[in-house]
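S.K.: Let me begin by handing over the structure; questions about it come next.
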Amino acid sequence: MRKTKLPDKPGVYVFLDKKGGILYVGRATFLKRRVASYFRKNLDPRLKEMMSLAVKIRHYVTETVLDSFILEANLIKKHWPKYNIREKDDRSFVYIVIAKADYPKPIIARGKELKNFPGGSARIFGPYKNLRIVREILKIARRVFPYGTCKPNQGKPCFHYQIGLCPGICAGAVSKEDYQKNINNLVLFLSGEKKRLIKKLTKENPQKAESLKHINDVSLLIKEEDIGAGGEKLNRLEAYDVSHFAGKETFGAMAVFSNGTENKNEHRLFKIKNAPPGDDLAALREMTERRFRHPEWPFPDLIVIDGGRPQVLAVSRVLRDNNVKTPMLGVSKLQNDKLVFPLGTKKSFQELAEASKNILLRARDEAHRFANFARKRRKRIDMGM
């Protein structure tokens, strides 16, 4: 399959097989960069298999990043592509549920919890891949379509009413009919009917229509951890650290984050064999070399090193010698958690990394924690490879 010319705009992309069947649906802040990342040599086995079957790419440009999340979820729900299901167990997908009630409110549920909402008792939106993204989507939507999480007619206004995020079901400030109209608008929004909704609101509430046109979704750029290869979503992040035990044994720790969440089942510990005691750089080089002797392990979209310039240079050489193109950076404790990049790193990548610094710090800290917990995790130690 040839690379397709795509715009560097937010949107959704779809990989099709030779019969026109949908293999995979994904979304991107920058379509061009994201789709280009699928043509790398070091894809994980699942994506390699999918790309071997793909013959065509279809794409949809969206006005905002938020729109791309909603469209992706609706397309996955409509088609349930094979490689989306293999990416994530259906029971662990995240959904937004609005039950049918007098004063309904959106709640977040996992796939395994949908059995609590039998047919027709609720409107269900999703699947979404990331819990934090769903929370952010609801936070953004609530600014335009306020809803109550309080008890109706409880006698006094709640805190969210005072800051404009609740229409006042707690204080009797909104009728059941008007509240339901607002929820119906939220349903249209989550259904991907934004254009229809704007047209409707232009007649009913021009101010709200303008708010919807200029919705602020910049927070999704940060929450998305959108700094993987090609400037895209971070499916797999690996963080490396080195620790000593009693001045004798040295261990290298690899902590893995999948879709922004630590994946402890994928963590690995390496007992350092050849590096001289106390030589952290040699230990880090040895650990990294051994990690990339495992082609059966999924390749990371980003590598985070606990350290500064010397550590970054050491790992950069290992990646270069092993022809690994994965982007990497260091987090330096000695420089107040400054991000340290290899020479030649693009400014756009550095800006995205700075915007997503929280997850980088979490990954670095998890690698450090795992290294210090090594003695209790001997069953995961890579003793012979």
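S.K.: If you check Ile305, Ile359, Ile381, which single one turns out to be under 20 Å from Ser258 (Cβ atoms) and modelled with pLDDT under 85? Can you show your working first?
M.R.: Working: Ile305 fails: modelled with pLDDT under 85; Ile381 fails: under 20 Å from Ser258 (Cβ atoms).
Residue meeting the stated conditions: Ile359.
Quick grid of which residues meet (1) touching a helix residue (DSSP H, G or I) at 6+ places or on another chain (Cβ under 8 Å); (2) surrounded by 21 or more Cβ atoms within 10 Å (Cβ to Cβ); (3) free of Cβ contacts under 8 Å to residues at least 60 places away in the same chain; (4) farther than 29 Å from Lys151 by Cβ:
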| site | (1), (2), (3), (4) |
| --- | --- |
| Ile57 | yes, no, yes, yes |
| Lys77 | no, no, yes, yes |
| Asn84 | yes, yes, no, yes |
| Val97 | yes, no, yes, no |
| Lys100 | no, no, yes, no |
| Arg110 | yes, no, yes, no |
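S.K.: Hey, does region 76-84 have a residue that's over 27 Å from Pro300 (Cβ atoms), in contact with an Asp or Glu (Cβ under 8 Å, 6 or more places away or on another chain) and part of a loop (DSSP other than H, G, I, E, B)?
M.R.: No: region 76-84 contains no residue that is over 27 Å from Pro300 (Cβ atoms), in contact with an Asp or Glu (Cβ under 8 Å, 6 or more places away or on another chain) and part of a loop (DSSP other than H, G, I, E, B).
For (1) in a strand (DSSP E or B); (2) acidic (Asp, Glu); (3) in the same structural domain as Pro327 (by TED's automatic domain parsing), each residue gets a yes or a no:
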{"residue": "Met1", "(1), (2), (3)": "no, no, no"}
{"residue": "Leu6", "(1), (2), (3)": "no, no, no"}
{"residue": "Lys18", "(1), (2), (3)": "no, no, no"}
{"residue": "Val25", "(1), (2), (3)": "yes, no, no"}
{"residue": "Arg34", "(1), (2), (3)": "no, no, no"}
{"residue": "Arg46", "(1), (2), (3)": "no, no, no"}
{"residue": "Glu49", "(1), (2), (3)": "no, yes, no"}
{"residue": "Arg58", "(1), (2), (3)": "yes, no, no"}
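S.K.: So, one more: Scanning for something under 15 Å from Val304 (Cα atoms) and either at pLDDT 85 or above or basic (Lys, Arg) (or both), does region 228-235 turn up at least one residue?
M.R.: No, every residue in region 228-235 fails to be under 15 Å from Val304 (Cα atoms) and either at pLDDT 85 or above or basic (Lys, Arg) (or both).
S.K.: Which residue out of Gln350, Gln311 is closer than 13 Å to Tyr240 by Cα and either modelled with pLDDT under 95 or not aliphatic (A, V, I, L, M) (or both)?
M.R.: Being closer than 13 Å to Tyr240 by Cα and either modelled with pLDDT under 95 or not aliphatic (A, V, I, L, M) (or both) holds for just one of Gln350, Gln311, which is Gln311.
S.K.: Within region 338-366, how many residues are in a loop (DSSP other than H, G, I, E, B) and out of contact with any Asp or Glu (no Cβ under 9 Å at 6 or more places or on another chain)?
M.R.: 6
S.K.: Based on this model, can you work out whether Pro300 counts as touching a residue at least 24 places away in the same chain (Cβ under 8 Å), of a type outside the set (S, T, N, Q) and surrounded by fewer than 19 Cβ atoms within 10 Å (Cβ to Cβ)?
M.R.: Spelling it out, it is not the case that Pro300 is touching a residue at least 24 places away in the same chain (Cβ under 8 Å), of a type outside the set (S, T, N, Q) and surrounded by fewer than 19 Cβ atoms within 10 Å (Cβ to Cβ).
S.K.: Of the conditions (1) of a type in the set (A, V, I, L, M); (2) without any contact (Cβ under 8 Å) to a residue 24 or more places away in the chain; (3) in contact with a Lys or Arg (Cβ under 9 Å, 6 or more places away or on another chain), Leu131 clears all except one; give me its number.
M.R.: Among (1) of a type in the set (A, V, I, L, M); (2) without any contact (Cβ under 8 Å) to a residue 24 or more places away in the chain; (3) in contact with a Lys or Arg (Cβ under 9 Å, 6 or more places away or on another chain), Leu131 violates only (2).
S.K.: Just one of Leu71, Leu43, Leu23 is over 18 Å from the mean Cα position of the chain (by Cα) and touching a residue at least 24 places away in the same chain (Cβ under 8 Å); which is it?
M.R.: Answer to the check: Leu23.
S.K.: How do the pairs read when you match residues in region 320-333 that are surrounded by 13 or more Cβ atoms within 10 Å (Cβ to Cβ) with residues anywhere that are charged (D, E, K, R) and part of a strand (DSSP E or B), using Cβ under 7 Å and keeping only pairs 6 or more apart or on different chains?
M.R.: These pairs meet every condition: Val331/Asp306; Ser332/Lys338.
S.K.: Can you name every residue in region 153-177 that is crowded, with 16+ Cβ neighbours inside 10 Å and in contact (Cβ under 8 Å) with a residue 24 or more places away in the chain?
M.R.: Result: Ile169, single match.
S.K.: Filter region 138-152 for residues that are of a type in the set (Lys, Arg) and surrounded by 16 or more Cβ atoms within 10 Å (Cβ to Cβ) and give the result. Write out each step before concluding.
M.R.: From region 138-152, those of a type in the set (Lys, Arg) are 139, 142-143, 151; that's our starting set.
Within region 138-152, just Arg142 meets the criteria.
S.K.: Then there's this: Just for region 260-272: of the residues that are in contact with a helix residue (DSSP H, G or I) (Cβ under 9 Å, 6 or more places away or on another chain) and under 20 Å from Asn358 (Cα atoms), which one is modelled with the lowest pLDDT? Even if it seems obvious, please write down each step before you answer.
M.R.: Initial filter on region 260-272 (in contact with a helix residue (DSSP H, G or I) (Cβ under 9 Å, 6 or more places away or on another chain)): 260-262, 264, 267-272.
Next, from what is left, pick out any that are under 20 Å from Asn358 (Cα atoms): 260-262, 264, 267.
Details: Gly260: 71, Thr261: 77, Glu262: 84, Lys264: 89, His267: 93.
Once the filter is applied, the top-ranked residue is Gly260.
S.K.: Can you work out which of the residues in region 255-283 that are under 17 Å from Pro327 (Cα atoms) and not small (Gly, Ala, Ser) is surrounded by the fewest Cβ atoms within 10 Å (Cβ to Cβ)?
M.R.: Restricting attention to region 255-283, the residues satisfying the condition of being under 17 Å from Pro327 (Cα atoms) are 255-260.
Okay, now just the ones that are also not small (Gly, Ala, Ser), so 256-257, 259.
Details: Val256: 23, Phe257: 26, Asn259: 18.
This residue is Asn259.
S.K.: Would you mention how many residues in region 240-281 are part of a strand (DSSP E or B) and of a type in the set (A, V, I, L, M)?
M.R.: Of the residues in that region, 6 qualify.
S.K.: Filter region 282-314 for residues that are outside any helix (DSSP H, G or I) and farther than 21 Å from Ala363 by Cβ; which is farthest from the chain's Cα centre (by Cα)?
M.R.: The selected residue is Arg293.
S.K.: Evaluate the following for Lys5: is it surrounded by fewer than 16 Cβ atoms within 10 Å (Cβ to Cβ) and farther than 30 Å from Val187 by Cβ?
M.R.: For Lys5, the condition - surrounded by fewer than 16 Cβ atoms within 10 Å (Cβ to Cβ) and farther than 30 Å from Val187 by Cβ - is met.
The values are calculated or read from the model by the stated rules, or taken from the named source; none is laboratory data. Being a predicted model, the structure only gives us computed values, none of them experimental. Cβ atoms come from the backbone with ideal geometry, glycine included; neighbour counts cover every protein chain shown.
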